[in-house]
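The structure appears below as structure tokens.
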Amino acid sequence: MDLINMFLNLVAPPFTFFTLLFLLPPYQALKCFLSLLTFVFHENVAGKVVLITGASSGIGEHLAYEYARRGAYLALSARRENRLRSVADRALELGAPDVIAVRADVSRVDDCRRFVEEAVNHYGRLDHVVNNAGISHVCMLEEVDDVTNLRPVMDINFWGSVYTTRFAAPHLRNTGGKIIALSSSALWLTLPRMSIYNASKAAMFALFETLRVEFAPEIHITIVTPGFIESELTQGKYLAKDGKLTLDLDIRDAQVGIVPVQRVDACARAIVNGACRGERYVTEPKWFRVTYWLNVVVPEVIDWTYRMLYMTSPGEPAYEAFTKKILDMTGAHRVLYPETIQTPEIKTD
């Protein structure tokens, strides 16, 4: 066995290099051709049934509006029932033929089962399932006295996607449907103070990459890796180290810093377009794709940049981070952030 591995250590790298050298150009040409076809002959979701988790705000809310404009039937879930009802009413105004709103907590397996069953019982089918529900935290791991306070991040982001997908999968197989999974660029841009959030999004990515093979060819999967998007997460709403949801603009400025924040309606439109074209991956804003390659090619530079911009001296609060000081000195947030996240008003009903 050792001899075999030694042989492969010597042979595999050059063999792979020369294989890619010859095969990559025709492969990319074929991908470009297929991409052109899907751009022209994309899916029409009018009359189809779309299930969206975490639909009471942010990307989930605006995905509901985007699908509504295209004439899709909607099944929406979230924990904040009053807020969810408002989104459902707005979706009806925008063109959705019918909308059902179900209060559900995706971290509870029975809620996910009930939500999927209510959608199928109401409409008789499922065509798109959007795993969007998510929550973030901002704190160093060593600052947390009780690490179980951060468990909701994994329970909602990862296990909520597992539960919903498991119950929806048989119905999606029947319709040749699609799954849209909201992961994050945080799986490669692993910002400090967000370790469990980053891990949950990386876990989501690995889950749906695996399911892409297991569910093929009946179910297609689009994995979305957004950067900083206008939402409650970029409005400063986080899970604190004590396990309580907190609104803190200073912490938001320290985490988002000098990175531009994309408007949520543009992001939602790009996600639905990508799903209808059958794209494997959607990254918004599109320029964020270069950060993946930077992390692959010069990971040490990324680490150094994080330490310089985001880390503080021991005992100093997060809002003393250099990236926030740049914002305060230049007022750059007025240019980099949409107006809705500069002075947010987050409804908690």
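The values are calculated or read from the model by the stated rules, or taken from the named source; none is laboratory data. Just so it is clear, the model here is predicted, and its values are computed rather than measured. Neighbour counts run over all protein chains shown; Cβ positions are idealised from the backbone, glycine included. When the accessible area is computed, the model is the full protein with side chains, heavy atoms only, and any ligands, DNA or RNA have been set aside. Shrake-Rupley method; radii C 1.70, N 1.55, O 1.52, S 1.80 Å.
Summary table
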| read-out | value |
| --- | --- |
| Accessible area of the chain belonging to carbon and sulfur atoms, whole % at 1.4 Å probe | 59 percent |
| Estimated vicinal HN-Hα couplings, Hz - the range 192-198 in sequence order (Karplus 6.51, -1.76, 1.60; Gly, Pro = x) | x, 6, 10, 4, 6, 4, 4 |
| I229 long-range amide H proximity, modeled H, under 5 Å | Q262 |
| Where T340, T305, T323 fall by accessible area, highest first, once all protein chains stay in place (1.4 Å) | T340, T305, T323 |
| Potential lengthening between I326 and N273 on full extension [0.36 nm per residue; Cα-Cα distance subtracted] | 15.5 nm |
| Cα-based equivalent ellipsoid, the range 121-265: semi-axes from gyration tensor eigenvalues, Å | 30, 16, 14 |
| Tail weight of P(r) past 21 Å, computed on alpha-carbon pairs of the range 54-167, percent | 38 percent |
| Rounded to 5, the percent of DSSP beta bridges in the chain classed as antiparallel | 10 percent |
| Scattering profile of the range 262-349 at q = 0.10, 0.14 Å⁻¹ [log10 I(q)/I(0), Debye over alpha-carbon scatterers] | -0.43, -0.82 |
| For the range 324-332, 3J(HN,Hα) per residue [Karplus equation, 6.51 cos²θ - 1.76 cosθ + 1.60, θ = phi - 60°, Hz, x = Gly/Pro] | 6, 4, 5, 4, 5, 6, 9, x, 5 |
| 1.4 Å probe accessible area per residue over the range 1-140, in Å² | 54 Å² |
| For the chain, with +1 on Lys and Arg beta carbons and -1 on Asp and Glu, the positive-most of C139, T165, M204 along the dipole | T165 |
| Alpha carbon convex hull of the range 158-210, volume per residue in cubic angstrom | 67 Å³ |
| Per residue, in Å², the accessible surface of the range 212-259 once ligands and nucleic acids are set aside, probe 1.4 Å | 38 Å² |
| Cα-based equivalent ellipsoid, the range 134-173: semi-axes from gyration tensor eigenvalues, Å | 30, 8, 5 |
| For L51, residues with placed amide H under 5 Å, excluding near neighbours | A75, D127, H128, V129, V130 |
| Convex hull of the range 1-129 built on C-alpha atoms - directionally averaged projected area, nm² | 13.1 nm² |
| Pairwise FRET efficiency - F22 versus N121, Cβ, R0 = 56 Å, nearest 0.05 | 0.55 |
| Over 28 Å [Cα-Cα, the chain], rounded percent | 46 percent |
| Student exercise, the range 1-106 dipole from Lys, Arg, Asp, Glu Cβ charges, in Debye to nearest 20 | 240 debye |
| Where trypsin sites (Lys or Arg not before Pro) in DSSP loops with at most 12 other Cβ within 10 Å are excluded, longest remaining stretch of the chain | 1-243 |
| Rel. contact order, % - alpha carbon contacts under 8 angstrom, at least six apart, the chain | 16 percent |
